[in-house]
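> Dumping the structure here so I can ask a few things about it.
The values are calculated or read from the model by the stated rules, or taken from the named source; none is laboratory data. Since the model is a prediction, treat every value here as computed from it, not as a measurement. Glycine also receives a Cβ, built like all others from the backbone with ideal geometry; neighbour counts cover every protein chain displayed. The accessibility values were calculated without ligands, DNA or RNA, using every heavy atom of the protein model including side chains. Shrake-Rupley method; radii C 1.70, N 1.55, O 1.52, S 1.80 Å.
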Amino acid sequence: MVEVDDSIYGCDYSSTGGISETGDILLVEGLPNARQSILNQLLTEKGFYPSIDSEYGSEIYEIFGEDIEDFNLDALEVYITNALFENERVESINRLETYVTVKKKIMVLLDISLVNGTEETINFEL
């Protein structure tokens, strides 16, 4: 088995809000930080941080409040694809599926390749 260098994904504060045994904010680094970064970008409304980076985030919030129809899911997939390709950690999208659950929640299933060759699965609900 070949070891993959995931140090290129850096380190950041954990989005979980967790605190370590010493009272410090938890950190995530390497591959967990890449996953967190990608999910944070997708779930942040584009333009939410104009003083830092007006292009950071995604446009998935454009479909909120709309009827859940196939054309809206197609738009959601376009918004997700655009945001993923703006993330420097993402090399390619191997699978992107969206569907509506019986409870009227939107599920997003992603299989992506990262820049170091690692393949990741990220699934989330909207």
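> Residue check: is N116 touching an Asp or Glu at 6+ places or on another chain (Cβ under 7 Å), at pLDDT below 90 and part of a helix (DSSP H, G or I)?
So N116 fails the test.
> Here's another thing I want to ask about it. Write out, first by first residue and then by second, each pair whose Cβ atoms fall under 8 Å of each other, whose residues are 6+ apart or on separate chains, and whose first residue, in the range 11-33, is assigned to a strand (DSSP E or B) while the second is aromatic (F, W, Y).
Pairs found: I25/Y13; L27/Y13; V28/Y13; E29/Y9.
> Still on this structure, please answer the following. Within the range 67-83, is even one residue in a strand (DSSP E or B) and of a type in the set (V, I, T)?
Among the residues of the range 67-83, not one is in a strand (DSSP E or B) and of a type in the set (V, I, T), which makes the answer no.
> Checking the conditions here, which among Y79, Y13, Y99 is farther than 19 Å from G117 by Cα and out of contact with any helix residue (DSSP H, G or I) (no Cβ under 9 Å at 6 or more places or on another chain)?
Of the residues listed, the single one that is farther than 19 Å from G117 by Cα and out of contact with any helix residue (DSSP H, G or I) (no Cβ under 9 Å at 6 or more places or on another chain) is Y13.
> With the requirement that a residue be of a type in the set (G, A, S), modelled with pLDDT of 85 or more and open to solvent by 70 Å² or more (accessible area, probe 1.4 Å), what does the range 1-23 give you?
Within the range 1-23, S15 is the sole residue that qualifies.
> Ok, one more. Would you check which residues across the range 24-69 are touching a helix residue (DSSP H, G or I) at 6+ places or on another chain (Cβ under 6 Å) and surrounded by fewer than 14 Cβ atoms within 10 Å (Cβ to Cβ) and list them?
Of everything in the range 24-69, just one residue is touching a helix residue (DSSP H, G or I) at 6+ places or on another chain (Cβ under 6 Å) and surrounded by fewer than 14 Cβ atoms within 10 Å (Cβ to Cβ), namely E66.
> Any idea which residue in the range 94-106 is surrounded by the most Cβ atoms within 10 Å (Cβ to Cβ), counting only those that are of a type outside the set (K, R) and in contact with a Leu (Cβ under 8 Å, 6 or more places away or on another chain)?
Here the answer is T98.
> Do you know which residues across the range 89-115 are in contact with a Ser or Thr (Cβ under 9 Å, 6 or more places away or on another chain) and not hydrophobic (A, V, I, L, M, F, W, C)?
Listed by number, the residues that qualify are R89, E91, S92, N94, R95, D111, S113.
> Within the set of pairs 6 or more residues apart or between chains, which connect a residue that is within 20 Å of I8 (Cβ to Cβ) inside the range 80-102 to a residue that is part of a strand (DSSP E or B) and β-branched (V, I, T) with Cβ atoms less than 7 Å apart?
L84/V90; L84/I93; L84/I112; V90/I112; S92/I112; I93/I112; N94/I112
> Could you list all residues from the range 70-93 that are among the hydrophobic types (A, V, I, L, M, F, W, C), open to solvent by 40 Å² or more (accessible area, probe 1.4 Å) and more than 16 Å from D111 (Cα to Cα)?
Correct list: F71 only.
> Residue pairs, Cβ under 6 Å, 6 or more apart or interchain, first in the range 34-60 and under 15 Å from Y13 (Cβ atoms), second open to solvent by 30 Å² or more (accessible area, probe 1.4 Å) and at pLDDT 90 or above. List them.
Partner pairs satisfying both residue conditions: A34/R89.
> Residues in the range 43-53: is at least one in a helix (DSSP H, G or I), under 11 Å from the mean Cα position of the chain (by Cα) and closer than 29 Å to S7 by Cα?
Within the range 43-53, one or more residues are in a helix (DSSP H, G or I), under 11 Å from the mean Cα position of the chain (by Cα) and closer than 29 Å to S7 by Cα.
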